[in-house]
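We did not get these values from a lab; they are worked out from the coordinates using the rules stated. Fair warning: this is a prediction, and the values are worked out from it, not measured in the lab. With ideal geometry, Cβ positions are generated from the backbone for all residues, glycine too; neighbour counts draw on all protein chains shown.
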């Protein structure tokens, strides 16, 4: 749709989208995207209709300072002002229950009980060559190209923001040259590896001007591969999304009753161990199926590995930095091999992992639980509610140990021109504006980082997911332990170690 096209009435777009939700997976996702992908709307108009979820987006979409008539809202409608700072955490935000056995970590005991062993993998640091930062390169082309290496979870949001940016005459050119933004969907682990290895350079120019991974865990991997100057012109978070376990309600209830632990990889390990010993956790009587993404391809898979390592080594310690020496621990390698063997590892992106749950409910696909970004948990809950209001609900649970994905926006100086760097910085500022932060919240379920969007406004959008699906608006309350930053060198060694592990052996395997 061109920027000048007249958008269809909001209710028609929403009804069309919901009418398609009951069909194939592709049409489900397409309808959901069509309802959200309209160009800039009147300020108080809903981007889409949440239907029975009863969320009134007109409460949060009005521009600060506008009158109801100016905002396009009915006369008498209250218009929210943008607060100068984030509101205090709302007291009604629930904290996850601390379950009776939360203090009992059984990872090591499971490895020993199941007599799990695996052929050891050699652990070593990577030999990364040092590249010299080259900046600036001449801008001798008629168009200022800005290509963004973005995680798949942000692609739709970034593309819509880019369309709006390029349609704005006050933003879309520098010194008479037009700015062209393109978004390349690429896994965070893969993009970090390419940048660190110098494989994004072509003829003295960098293929990418912006690196926008899902989290900053790989920053040091890239930055330490360069010398001779500042690599990143900008380094700011543009959204937040904690990791969550999304589990079908009947299965989650059984876990709470039988395991009596908050969700964690330790909990997953105990479930697998019990099932190998003949106990069934799923009320359907089928095997418990748990999935997370491949760490070598996806940020969420790498975060899963970091969390496993932290759970294994940091129990009974307030804070801990995982060391290369730790990764050689034979019990730890056996534990990783056990999880790798028992879990679903077929997906290379978090969106692909969540799709089967969106397409089919409990019993309609094999997965009992997945480890994904919170915003995908919200999408699963939304689409299942629309498709099957009386079916089993997906329940969002925050890991006992959590690592918040901070979605950084790094403007790369290496191999780029001053104009490219300025255009990339300008787009970053645009992403942090109120309207585009609201778009991230409403279109993708990301938590805004801009102080122009208040906690209360986020609750207005996500409030029904709190009572129905377990979402916790207050990040401080969401998880019991936040994992501190870890060494990029160790993270990459952890991924290589995991990749090198073969199938474990044991009496029940």
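At a glance:
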{"item": "Whole-Å semi-axes of region 251-410's equivalent ellipsoid (Cα gyration tensor)", "result": "26, 20, 14"}
{"item": "Estimated distance in nm for a label pair at residue 167 and residue 316, the labels positioned 7 Å out from Cα along Cα-to-Cβ", "result": "6.0 nm"}
{"item": "Rounded if a/c under 1.5, otherwise prolate or oblate - region 158-315, Cα gyration tensor axes", "result": "prolate"}
{"item": "Whole-angstrom gap from region 347-369 to region 438-453, using each part's C-alpha centre", "result": "25 Å"}
{"item": "Per residue Cα convex hull volume in Å³ - calculated over region 179-221", "result": "86 Å³"}
{"item": "Ascending count of other beta-carbon atoms within 10 Å, so fewest first, for 498, 401, 135", "result": "135, 401, 498"}
{"item": "Shape call, region 96-212: gyration tensor on alpha carbons, a/c limit 1.5", "result": "oblate"}
{"item": "Protection proxy ranking, peptides 338-347, 437-446, average beta carbon neighbours within 10 Å, highest first", "result": "437-446, 338-347"}
{"item": "Distance from region 144-164 to region 458-485 (C-alpha centre basis), Å", "result": "26 Å"}
{"item": "By average C-beta atoms within 10 angstrom, highest first, the peptides 362-368, 190-196, 209-215", "result": "209-215, 190-196, 362-368"}
{"item": "At R0 = 41 Å, FRET efficiency that the Cβ-Cβ distance of residue 202 and residue 331 yields, to 0.05", "result": "0.35"}
{"item": "Volume per residue of the C-alpha convex hull in region 258-314, rounded to whole Å³", "result": "100 Å³"}
{"item": "Relative packing of 198-205, 238-245, 299-306, which averages over residues the other C-beta atoms within 10 Å, highest first", "result": "299-306, 238-245, 198-205"}
{"item": "Shape category assigned to region 393-509 from the gyration tensor of Cα positions, a/c cut at 1.5", "result": "oblate"}
{"item": "Gain upon complete extension [residue 230, residue 258; 0.36 nm per residue less C-alpha separation]", "result": "4.8 nm"}
